[in-house]
Amino acid sequence: MLAKVERKNIQGNEACALGAIAAGCRFFAGYPITPSSEIAHTMSRELPGVGGTFIQMEDEIASMGAVIGASLGGVKAMTATSGPGFSLKQENLGYAAMVEAPCVIANVMRGGPSTGMPTRPGQGDIMQSRWGTHGDHPIIVLAPESVGEVYSETIRAFNLSEALRVPVVVLIDETIGHLLETVDLTPPDPASIIERKWATCDPKDYKPYEITKDRVPAMARPGDGYRAHTTGLTHDETGFPTQDTEKGKNAIGRLLDKLEYHKGKIESYEAIDCDDAETLIVTIGISARAAKRAIKSLRADGIKAGLFRPRTLWPFPEEAMRKAAGKAKTIIVPEMNAGQLIFEVERVIAGKCKTVGVNRYAGDIITPSEIEAAARKVTS
Amino acid sequence: MNMEPHISAEEFDIRQFMRLDLFPHFLCPGCGHGMALRALMWALWEQNISMDKLAVVCGIGCSGRLGAYIDSNTFHTTHGRPLAYATGLALARPDLHVVVITGDGDCLAIGGNHLIHACRRNVNMTCLMLNNEVYGMTGGQVSPTTSPTRYTTTTPYGNAEPVFDACKLAEAAGAGFVGREVTMQVPTLKDLIKQAFDYDGFSFVEIISDCTEIFGRKNQLGESAEMIMSQKASTRPDSYGTRVDEPFRPNSLPTGVLVKTDRLEYRAHQQSLNPKGQK
Ligand SMILES: Cc1ncc(C[n+]2csc(CCOP(=O)(O)OP(=O)(O)O)c2C)c(N)n1
Ligand code: SF4
Ligand SMILES: [Mg+2]
């Protein structure tokens, strides 16, 4: 029998909430903020019906704390926010990375900085999503470009978070968050939904942060007799804080190495017309949709343009981008900020070709014709 | 009348509940937090609460470090936020017995917002706030509960800020159970904690503790024993009634159960709401 296909016309924000529930999310804590609030609205409506819990906390710091608390209790949990709230979540986000508590954070970007333009789009959190919390830490950031992809990437966010015990940010922007598109909401195959690895050994032998080959320690479910300690202090394999710098180095080393080791599982990107592209466009989210249009017109005029779009923004799929840029003379980086992604692109390409930014940082999206114009200028 | 069977202090051996391999512990000699820990463990033992089903959620501070010594599910979270973490944990896992350990700085300064909303919200958990009038861990800075007559490392000329009354704050924010006790009276403190455990909802207990090594030394409050004895002079047990008069000093701190009201616990309340009602 064919699986029932369920198509619906919904907003990106609603798709995010429905994707989360489809992935098994059963706890949401949040604080209202435009342009993300519809995620909370949908969660508050849908979670009770599937035995989940929705709570509106007193601020974003508390929301992030409650999400980690629920996750440490063994329940898949998420929060959603926008720029100012994302800033407030950073300390606890670092804690989640340190104690390896799976959790998902949707950040629907507005124009910034500060309170910025709450109802207008931006892509100003590209760097904050990677480096927002203090200290070296692992984090995964996904950047969908459509409502359908918000749904599927939110599911992927939960799967990666559970599989690797790492916080995952879904970076959306106001345009996609509020965009209405028809989406295939067919529930994912249950076998594709990943649950974290639970400790099953004898509690006497349990090491909460054991350094194993796959770098992902099994988690103890409170109540199952393991009586583990969880701390944001640098801890060794036992989970207790250590002042031994050698042990600290091994523990943090494993933490940082975890994503590199699982890179193949994490990376996801789209490369269009890159093989012969002399002008490569690298961008994410809604800006990538403008780029796709631009490439069509450019190709029609015989300009060899291509697009590289990291769906997994962090860790950045650098080898894939280098390959996509194999024939590139110029890389154009359109982004709704004053220039962030371009730094990563320049790091990866290491001076092998020219880079040009196309930037808008005051609440407007980038149009196909702007990208086209930039491409025509460098090829003329 | 309390009809619970009496269990003698001699029978209670705290060591069976401790992670002894972490000893010696880090507390300074005479620190009041150790007595608070003893009262907590004693209450858990008398209530027969399984260490497997217990979750201890701590903030950051000397108070917050206590959790690591308890052989249970222990969470050392971020400064000021243990109530937020505990709220998520308690809602996700109502089968766990959730206890929060926090300090006066952790709970009233950086975490003050979470305290008032935890009181208002009434999620089932017990919050123990260890009040030693100072930021012990970071070297003795002024806290929201430092008396105006004391000196700290950030108020070298005296303290211009008035003291926060945590219990009044908790009451005003709607907490259904509020109590206060001193570490001088560990058995009484233990009994108070047991009553807090019995309350179905959010219970708040302020424990008057002492930072002997930093605060005591700086203010020349004497040795640990003298500091503890001075607790007696500044408190007024509820058994002495509510009239502020002899033999206790006026304006001294009332102790015991200060508030106990019937309120529907948060989760129970949520589940009673009609999902077919307005959406
Ligand atoms: C965000 C943040 N700010 C500051 C600190 C530093 N800090 C650690 S403990 C503490 C104060 C603890 O005081 P209190 O809660 O009264 O606990 P005590 O040590 O007295 O038991 C501070 C300010 C921190 N860890 N995190
Ligand atoms: S610094 Fe003060 S509060 Fe901290 S352990 Fe020492 S005496 Fe106790
Ligand atoms: Mg203190």
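The values are calculated or read from the model by the stated rules, or taken from the named source; none is laboratory data. Predicted model only: the values in this text are computed from it and were never measured. Cβ placement follows ideal geometry from the backbone for every residue including glycine, while neighbour counts extend to all protein chains displayed. We work out accessible area using only protein heavy atoms, side chains counted, and drop any ligands, DNA or RNA first. Shrake-Rupley method; radii C 1.70, N 1.55, O 1.52, S 1.80 Å.
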Kirkwood Rh and Cα Rg combined as Rg over Rh, evaluated for chain A: 0.99
In the neighborhood of B:Leu128, defined by Cβ-to-Cβ distances under 12 Å, what is the net charge if each Lys or Arg adds +1 and each Asp or Glu adds -1? -2
Members of the stretch B:88-113 that become less accessible by 20 Å² or more once partner protein chains are added (1.4 angstrom probe, chain alone as reference): B:Gly88, B:Leu89, B:Leu91, B:Ala92, B:Arg93, B:Asn113
Can you tell me the Rg and Dmax of the stretch A:154-256, counting just the alpha carbons, in angstroms? 18.0, 55
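What number, rounded to the nearest 500 deg cm²/dmol, is the helix-based mean residue ellipticity at 222 nm of the protein assembly as shown, given -39500 (n - 2.57) per DSSP H run of at least four residues and division by all its residues?
Estimated from H runs of four or more residues: -10000 deg cm²/dmol.
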Amide H neighbours of A:Gly111 under 5 Å, at least 5 residues apart or on other chains, H built in the peptide plane: list them. A:Met117, A:Arg120, A:Gly122
Solvent-free Debye scattering, log10 I(q)/I(0), computed from the Cα coordinates of the stretch A:1-113 at q = 0.09, 0.11, 0.19, 0.21 Å⁻¹: -0.23, -0.34, -0.93, -1.10
Report the residue, chosen from A:Val150, A:Val356, A:Val108, that carries the largest GNM mean-square fluctuation when chain A is represented by alpha-carbon nodes joined by springs under 10 Å. A:Val356
Using R₀ = 51 Å, calculate the FRET efficiency as 1/(1 + (r/R₀)^6) where r is the Cβ-Cβ separation of A:Asp205 and A:Ser297; round to 0.05. 0.20
Would you mind checking the tilt of helix B:82-92 against the longest principal axis of the Cα atoms of chain B, expressed as 0 to 90 degrees and rounded to 10? 20 degrees
What FRET efficiency do you get for A:Trp198 and B:Val186 if R0 is 41 Å and r is their Cβ-Cβ distance, rounded to the nearest 0.05? 0.60
Averaged over A:23-32, number of beta-carbon atoms from partner chains that fall within 10 Å: 1
So the label point goes 7 Å from the Cα of A:Lys323 along Cα→C-beta, right? Which residues of the stretch A:142-158 then have their backbone N under 17 Å from it? none
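With all protein chains present and a 1.4 Å probe, how do B:Tyr69, B:Tyr151 order by accessible area, largest first?
B:Tyr151, B:Tyr69
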Among rounded, prolate and oblate, which fits chain B when a ≥ b ≥ c are the square roots of the eigenvalues of its C-alpha gyration tensor, a/c under 1.5 means rounded, and a/b larger than b/c means prolate? rounded
Would you mind telling me the antiparallel percentage of the DSSP bridges in the stretch B:14-273, rounded to 5? 20 percent
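Among rounded, prolate and oblate, which fits the stretch A:203-264 when a ≥ b ≥ c are the square roots of the eigenvalues of its C-alpha gyration tensor, a/c under 1.5 means rounded, and a/b larger than b/c means prolate?
Oblate is the answer for the stretch A:203-264, as a/c is 1.5 or above yet b/c matches or exceeds a/b.
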Find the accessible area per residue for the protein assembly as shown; the probe is 1.4 Å, ligands and nucleic acids are left out, and the unit is Å². 41 Å²
For the stretch B:99-117 and the stretch B:139-218, distance of Cα centres in Å: 11 Å
With both partners inside chain A, how many of the DSSP beta bridges are antiparallel, as a percent to the nearest 5? 30 percent
How large, in percent, is the carbon and sulfur part of the accessible surface of chain A at a probe radius of 1.4 Å? 52 percent
Mean separation of Cα contacts under 8 Å (6+ apart) over length of chain A, as relative contact order %: 16 percent
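Per residue Cα convex hull volume for the stretch A:7-192, in cubic angstrom?
Here the figure is 95 Å³ per residue.
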Checking rank on A:119-128, B:163-172, with mean other Cβ inside 10 Å and highest first, the result is A:119-128, B:163-172
Positions from the stretch A:65-86 whose accessible area shrinks by 10 Å² or more when the full protein complex is built, not the chain alone, probe 1.4 Å: A:Gly65, A:Ala66, A:Gly69, A:Ala70, A:Leu72, A:Gly73, A:Val75
Just how much of B:Met229 is accessible, in Å², when a 1.4 Å probe is used and the result is rounded to the nearest 10? 110 Å²
Please report the net charge: other residues with Cβ closer than 13 Å to the Cβ of B:Ala109, K and R +1, D and E -1. -3
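Tally Lys and Arg at +1 and Asp and Glu at -1 over the other residues with C-beta under 13 Å from the C-beta of B:Asp95: what net charge comes out?
Around B:Asp95, the surrounding residues sum to +2.
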Rounded, prolate or oblate for the stretch A:271-379? Axes are the square roots of the Cα gyration tensor eigenvalues, ordered a ≥ b ≥ c, and the cut-off for rounded is a/c under 1.5. rounded
Which percent of Cα pairs goes in each bin when the distances of the protein assembly as shown are cut into 10 angstrom slices starting at zero? 3, 15, 23, 22, 17, 11, 6, 2, 1, 0
Between B and A, buried accessible area summed over both sides at probe 1.4 Å, in Å² to the nearest 100? 2900 Å²
Counting only DSSP beta bridges fully inside the stretch A:271-379, the antiparallel percentage to nearest 5 is 15 percent
If the cut-off is a Cα-Cα distance under 14 Å, which aspartates and glutamates reach B:Lys218, setting aside same-chain residues fewer than 8 apart in sequence? B:Glu133, B:Asp210
From Cα pairs below 8 angstrom and at least 6 apart in sequence, can you work out the relative contact order of chain B, rounded to a whole percent? 17 percent
Return the subset of A:Lys249/B:Lys53; A:Lys89/B:Lys53; A:Lys207/B:Lys190; A:Lys89/A:Lys304; A:Lys213/A:Lys329 for which the Cα-Cα distance in this structure is over 31 Å, preserving the input order. A:Lys249/B:Lys53; A:Lys207/B:Lys190; A:Lys89/A:Lys304; A:Lys213/A:Lys329
Quick one: pull the percent of accessible area on the stretch B:91-213 belonging to carbon and sulfur, 1.4 Å probe, ligands and nucleic acids left out. 53 percent
